[in-house]
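Sharing a structure, written as structure tokens. Questions coming.
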Amino acid sequence: MTAERDFIDALMGAMTLQEKVGQLNYPPSEGFDTTGVAGTVDLPERIRRGEIGGTAGANLEDRRTLQRLAVSEGPSKIPLLFGVDVIHGHKTVVPVPLGLACSWDLDLIERTGRMAATEARAEGINVTWSPMVDIGYDARWGRVAEGSGELVHLGAEIARTMVQAYQGTDNDLARPDRVMATLKHFAGYGLSMAGRDYNSVEASPATLHRIMAPFKAGIEAGAGALMVAFNTVNDIPATAHKELLQDLLREDWGFDGLVVTDFTAVMELINHGIASDLEEATYLAFAAGITTDLVSEGFVRHLPDLVTQGRVSMEEVDTACRRVLSAKWALGLFEDPFLGMDEGRYERVALSAQNRALAREAAASSCVLLKNEGQALPLQRDGGAIALIGPLAENRVDMQGTWAVAADPMLNVTLLEGFRESAGAQLDIHFAKGCNIVDDPNLAARLNVHNRDNPSVVIDPRGKEAMIEEALQVARSASVVVVCLGEAKEHAGESSTREDITIPMAQRPLFDALADYTLSAGKKLILVVIAGRPLALAHEAERADAILFSFHPGIEGGHAIADVLFGDVDPSGRLAMAFPRHGGQLPLQSEHLPTGRPIGGAGITVEGDDERIDGEPVFRKFTTATILEGSSEPLFPVGFGLGYTIFDYGDPMAEKNELVGEKDVLEVMVIITNTGTRAGVTTAQLYVRDPVATVSRPVLELKGFVRLAIEPGGSASAVFSLRSEDLTFIKARTISQYEEDWEEGAFEIMTGPHVGTLKSLSVQWHKGSQPDHPGPGDLVANR
Ligand code: BGC
């Protein structure tokens, strides 16, 4: 620490003000796409003038050249940061983060993060704009693909895991397999109104605190950087939100790392209507606590004048500059500006067979089996032929998912390739495209925005009828029909809000024709959906025999999906975000507050309305928050997912049901038996409810999960430990003025395989102190 301080003191002592603000500037690089409206810059000349602290760099060679220039010709010879979006793998692309979250497998997620860090550092990248830890409830918002879903606890665990994967558990960034993590987007971005990207966010301070838990977890794990959100937070753009960035993040949470804007966010303060020009926008963002101006060039142009005017102090500039230099020190760049970039390393570490095997494992573990009637899956290798139909079945580019900026889409394995390899000589695979992903040429062009030279969303000249006819012929030639439908990669991700979250309607006639045919022919119809967000699948769920859902699976997608369909891998993915019946249900939040007229109240009988669930009338006029045309419940609840075997969950059991104080620990155990005939993995989940508190508390909140592999006929116990800290919540007057505590009383503890089927027990937890040696107790199940 003293060595670092002495070094930085000496360095800064010799730097001019212009050079110091240069360290806060991160302009775009030629040859590397940026979002927002960015200008172009002459990087070499500006590096020589000391006006640049970091950039993206187009590729390894470019990064080497720019770094060489910075450390040999820059005025103070300060190395550059190279920050890039390394989001779901780097060269070896793994499933989009929402898919990975569905694995609920922290060890696997960590391994994918470490692989990405190693590949990225070998390509000269030392900072990643990841993990994205925004909790989201609205599947219209394309960026749900980038996050870990809707459950705060799962999101926090994944945030912590990803930071440790990128930075190492020792946070030693000066190693060739480490990159600095950036938690984003602070804060509230996942609540963008109506799922429209960049839209404003209105949320109570308590709600904000709840969904900020993943940031807190990531900061506790040592994240070096944090990116601020584009949106307003209760009327103030986050980029200029002093209370959020200074009072809460810096002072209360003690975050000491880099606070970077999102791309062009300083200049966007003008569009937000809180600054009339870039100078004022610069002042507002800097005063709020931003250290790094990504792409707006406001800091480098205007901070020196703001210092001269006395609006910004030299000391504040020094503090920000010191933070950037300290990040470079931590990354080991002053010692070796080329750390990790040594000749031949990239070729050695990127896209190795081992990495591809991990990508395959990750993609298979992310698949969620949503329906499997009559054991339609797994597919049998018993001779004959399988029909594989659909516009995503032989699509290479769209397997990749939304944020794999540095990867080569031509390396992705298609589902057809995966099928052919998996089937081997035992089965014939007959293929037809069947329909287009979309029929609208304008939309197709938009979806090809990043691969205009090699479009993946292509409108077939043959016309719909001819394509369906070909698909039916292929279906007739096979004993089982697998249809692969869904979204192109650019249907999801940034700037990809959808108004209708069904499988694009251009694909519906094909699905219906195959459903009619398979029904009449007595064949099974298996639907594989590849998409970037939860979709409303009520129509398909009625008609398909089986549905396997894969979020855009990455480079090994074709192999991995085939592994699951053929039963070589048990489907172990569980939804990290509920799937609605209909887009009109959105936003859909499982950890929601109760209403005064909760779902589940008594229904009423109305003549002519025959809908019943378990013999009870469904219509609940005046008694519940009902939806007239349907149900308020999701089609597939959070945590849900089938496997090829069956698990029986016992009641939750606890040693005691009276607890006292902060040191007491509640151990909850559930015995789970595999009653099927195959080995499988289940994810046991534990949710808590505080039914009576001084403020309304969610109907359930995830507090623990454990993945268990169980042999057929075998049993295993899931054991959870709860402490009073798991019961705490925040009561907030404002974002920075809040209290965090738990309230004594009854708590409902619920366990099970997903929120649709939980069993519960009740405990009393009192304030006070626990006697030192609580006696042993017997496990008791209570209701
Ligand atoms: C996104 C960020 C991303 C940045 C750079 C922005 O538009 O919001 O998440 O890191 O672009 O690509």
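Can you tell me how many residues within region 200-226 are under 15 Å from Ile135 (Cα atoms) and within 16 Å of the ligand (Cβ to nearest atom)?
Summing the residues that are under 15 Å from Ile135 (Cα atoms) and within 16 Å of the ligand (Cβ to nearest atom) in region 200-226 gives 4.
Read through the list (1) more than 16 Å from the ligand (Cβ to nearest atom); (2) surrounded by fewer than 19 Cβ atoms within 10 Å (Cβ to Cβ); (3) within 35 Å of the chain's Cα centre (by Cα), then give the number of the only condition that Ser495 fails.
Result: Ser495 fails condition (1) only.
So, in region 397-440, how many residues would count as being open to solvent by 60 Å² or more (accessible area, probe 1.4 Å), under 30 Å from Gly57 (Cα atoms) and out of contact with any Asp or Glu (no Cβ under 9 Å at 6 or more places or on another chain)?
3
Among the candidates Asp262, Asp293, which residue alone is within 20 Å of Gly54 (Cα to Cα), in a loop (DSSP other than H, G, I, E, B) and either of a type in the set (Val, Ile, Thr) or open to solvent by less than 40 Å² (accessible area, probe 1.4 Å) (or both)? Can you show your working first?
Working: Asp293 fails: in a loop (DSSP other than H, G, I, E, B).
That would be Asp262, the only listed residue that is within 20 Å of Gly54 (Cα to Cα), in a loop (DSSP other than H, G, I, E, B) and either of a type in the set (Val, Ile, Thr) or open to solvent by less than 40 Å² (accessible area, probe 1.4 Å) (or both).
Let me ask another. State which residue pairs qualify: first residue among the β-branched types (Val, Ile, Thr) and inside region 442-458, second residue assigned to a loop (DSSP other than H, G, I, E, B) and crowded, with 17+ Cβ neighbours inside 10 Å in any location, beta carbons under 8 Å apart, and separation of 6 or more residues or different chains.
Here the result reads Val457/Asn436; Val457/Ile437; Val457/Val438; Val457/Asn448; Val457/Ala488; Val458/Asn436, each pair linking region 442-458 to a residue that is assigned to a loop (DSSP other than H, G, I, E, B) and crowded, with 17+ Cβ neighbours inside 10 Å.
Given the options Ala327, Ala320, name the one that is under 29 Å from the mean Cα position of the chain (by Cα) and either in a loop (DSSP other than H, G, I, E, B) or of a type outside the set (Ser, Thr, Tyr) (or both).
On the way: Ala320 fails: under 29 Å from the mean Cα position of the chain (by Cα).
Selected residue: Ala327, the only one of Ala327, Ala320 that is under 29 Å from the mean Cα position of the chain (by Cα) and either in a loop (DSSP other than H, G, I, E, B) or of a type outside the set (Ser, Thr, Tyr) (or both).
Another one. Please count how many residues of region 233-256 are within 16 Å of the ligand (Cβ to nearest atom) and either open to solvent by 50 Å² or more (accessible area, probe 1.4 Å) or touching a strand residue (DSSP E or B) at 6+ places or on another chain (Cβ under 6 Å) (or both). Spell out how you get there, then give the answer.
Kept after step one, since they are within 16 Å of the ligand (Cβ to nearest atom), are these residues of region 233-256: 233, 237-239.
Among the residues that remain, those that are also either open to solvent by 50 Å² or more (accessible area, probe 1.4 Å) or touching a strand residue (DSSP E or B) at 6+ places or on another chain (Cβ under 6 Å) (or both) are: 233, 238-239.
Going through region 233-256 one residue at a time, the tally reaches 3.
Among the residues of region 656-689, how many are open to solvent by 10 Å² or more (accessible area, probe 1.4 Å) and in a loop (DSSP other than H, G, I, E, B)?
10
Let me ask something additional. Could you count how many residues in region 422-450 are in a loop (DSSP other than H, G, I, E, B) and closer than 24 Å to Asp500 by Cβ?
Just the residues of region 422-450 that are in a loop (DSSP other than H, G, I, E, B), to begin with: 427, 433-440, 448-450.
This time we only want the ones that are closer than 24 Å to Asp500 by Cβ, so: 433-440, 448-450.
Number of matching residues: 11.
To continue, here is another question. For region 733-783, name all the residues that are closer than 29 Å to Pro637 by Cα and at pLDDT below 80.
The answer is Val780, Ala781, Asn782, Arg783.
If a residue has to be without any contact (Cβ under 8 Å) to a residue 12 or more places away in the chain and not in a loop (DSSP other than H, G, I, E, B) to count, how many in region 595-642 make the cut?
Number satisfying all stated conditions: 2.
Residues in region 700-720: is at least one touching a residue at least 60 places away in the same chain (Cβ under 8 Å), within 20 Å of Val755 (Cα to Cα) and in a loop (DSSP other than H, G, I, E, B)?
Applying the first criterion (touching a residue at least 60 places away in the same chain (Cβ under 8 Å)) to region 700-720 yields 700-705, 707, 710, 712.
Next, only the ones that are within 20 Å of Val755 (Cα to Cα) stay: 700-705, 707.
Next, only the ones that are in a loop (DSSP other than H, G, I, E, B) stay: 700.
The answer is yes, given that some residue of region 700-720 is touching a residue at least 60 places away in the same chain (Cβ under 8 Å), within 20 Å of Val755 (Cα to Cα) and in a loop (DSSP other than H, G, I, E, B).
Of (1) touching a residue at least 40 places away in the same chain (Cβ under 8 Å); (2) buried (at least 21 other Cβ atoms within 10 Å of the Cβ); (3) in contact with a helix residue (DSSP H, G or I) (Cβ under 8 Å, 6 or more places away or on another chain); (4) assigned to a loop (DSSP other than H, G, I, E, B), Val312 satisfies all except one. Which?
Result: Val312 fails condition (1) only.
Yes/no per residue for (1) at pLDDT below 95; (2) open to solvent by 40 Å² or more (accessible area, probe 1.4 Å); (3) not charged (D, E, K, R):
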| position | (1), (2), (3) |
| --- | --- |
| Thr2 | yes, yes, yes |
| Gln18 | no, yes, yes |
| Gly22 | no, no, yes |
| Pro28 | yes, no, yes |
| Gly36 | yes, yes, yes |
| Val41 | yes, no, yes |
| Gly50 | no, no, yes |
| Glu61 | no, yes, no |
| Thr65 | no, yes, yes |
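May I pose another question? Can you tell me which residues in region 292-333 are of a type in the set (A, V, I, L, M, F, W, C), on the phi < 0 side of the Ramachandran plot and in contact with a Pro (Cβ under 7 Å, 6 or more places away or on another chain)?
Keep residues of region 292-333 that are of a type in the set (A, V, I, L, M, F, W, C), which gives 294-295, 299-300, 303, 306-307, 312, 314, 317, 320-321, 324-325, 327, 329-331, 333.
Filter again for on the phi < 0 side of the Ramachandran plot, leaving 294, 299-300, 303, 306-307, 312, 314, 317, 320-321, 324-325, 327, 329-331, 333.
Within region 292-333, just Leu333 meets the criteria.
Let me ask another. List pairs: first in region 128-156 and within 16 Å of Pro698 (Cβ to Cβ), second at pLDDT below 95, Cβ under 7 Å, 6+ apart or cross-chain?
Taking only residues 6 or more apart or on different chains, not a single pair turns up.
Go through region 160-196 and give me each residue that's within 16 Å of the ligand (Cβ to nearest atom) and surrounded by fewer than 21 Cβ atoms within 10 Å (Cβ to Cβ).
Of everything in region 160-196, just one residue is within 16 Å of the ligand (Cβ to nearest atom) and surrounded by fewer than 21 Cβ atoms within 10 Å (Cβ to Cβ), namely Arg196.
Consider Ile125 against the criteria (1) farther than 23 Å from Ala492 by Cβ; (2) more than 16 Å from the ligand (Cβ to nearest atom): it satisfies all of them except one. Which criterion is unmet?
Condition not satisfied by Ile125: (2).
Which condition from (1) within 11 Å of the chain's Cα centre (by Cα); (2) within 16 Å of the ligand (Cβ to nearest atom) is the one that Gly149 breaks?
(2)
Find all pairs meeting these conditions: Cβ atoms under 7 angstrom apart; at least six residues apart or on different chains; first residue within region 23-42 and under 18 Å from Thr128 (Cα atoms); second residue at pLDDT below 65 and open to solvent by less than 50 Å² (accessible area, probe 1.4 Å).
So the pair list comes out as Pro28/Thr34; Pro28/Ala38.
Might you check whether a residue that is within 22 Å of Gln426 (Cα to Cα), modelled with pLDDT of 95 or more and assigned to a loop (DSSP other than H, G, I, E, B) occurs anywhere in region 456-478?
Scanning region 456-478, I find at least one residue that is within 22 Å of Gln426 (Cα to Cα), modelled with pLDDT of 95 or more and assigned to a loop (DSSP other than H, G, I, E, B), so the answer is yes.
Among (1) in a loop (DSSP other than H, G, I, E, B); (2) touching a helix residue (DSSP H, G or I) at 6+ places or on another chain (Cβ under 9 Å); (3) buried (at least 16 other Cβ atoms within 10 Å of the Cβ), which single condition is Thr645 missing?
With respect to (1) in a loop (DSSP other than H, G, I, E, B); (2) touching a helix residue (DSSP H, G or I) at 6+ places or on another chain (Cβ under 9 Å); (3) buried (at least 16 other Cβ atoms within 10 Å of the Cβ), Thr645 is out only on (2).
OK, next. So Thr282 ticks every box in (1) open to solvent by 10 Å² or more (accessible area, probe 1.4 Å); (2) closer than 16 Å to Leu24 by Cα; (3) away from the ligand (no atom under 16 Å from the Cβ); (4) assigned to a helix (DSSP H, G or I) but one. Which box is left unticked?
Here Thr282 clears every test but (1).
Residues that are within 15 Å of the ligand (Cβ to nearest atom): list the helices (runs of 4 or more DSSP H) wholly contained in region 22-122 that include at least 1 such residues.
Details: elements: 43-48, 60-73, 97-101, 106-122.
Once the helices (runs of 4 or more DSSP H) in region 22-122 are filtered for at least 1 residues that are within 15 Å of the ligand (Cβ to nearest atom), what remains is 97-101, 106-122.
Residues checked against (1) within 16 Å of the ligand (Cβ to nearest atom); (2) in contact with a helix residue (DSSP H, G or I) (Cβ under 6 Å, 6 or more places away or on another chain); (3) modelled with pLDDT under 95:
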residue	(1), (2), (3)
Ala363	no, yes, no
Val368	no, no, no
Ala387	no, yes, no
Pro391	no, no, no
Val405	yes, no, yes
Leu411	no, no, no
Leu415	no, yes, no
Arg420	no, no, no
Gly424	no, no, yes
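Residue under question is Ser550, and the condition is that it be farther than 16 Å from Gly583 by Cα, under 28 Å from the mean Cα position of the chain (by Cα), open to solvent by less than 20 Å² (accessible area, probe 1.4 Å) and not aromatic (Phe, Trp, Tyr); does it hold?
Working: farther than 16 Å from Gly583 by Cα: yes; under 28 Å from the mean Cα position of the chain (by Cα): yes; open to solvent by less than 20 Å² (accessible area, probe 1.4 Å): yes; not aromatic (Phe, Trp, Tyr): yes.
Taking the combined requirement at face value, the residue satisfies it.
The values are calculated or read from the model by the stated rules, or taken from the named source; none is laboratory data. Please read all numbers here as calculations on a predicted model, not as lab measurements. Neighbour counts run over all protein chains shown; Cβ positions are idealised from the backbone, glycine included. Protein only, heavy atoms only, side chains kept; ligands, DNA and RNA dropped before computing areas. Shrake-Rupley method; radii C 1.70, N 1.55, O 1.52, S 1.80 Å.
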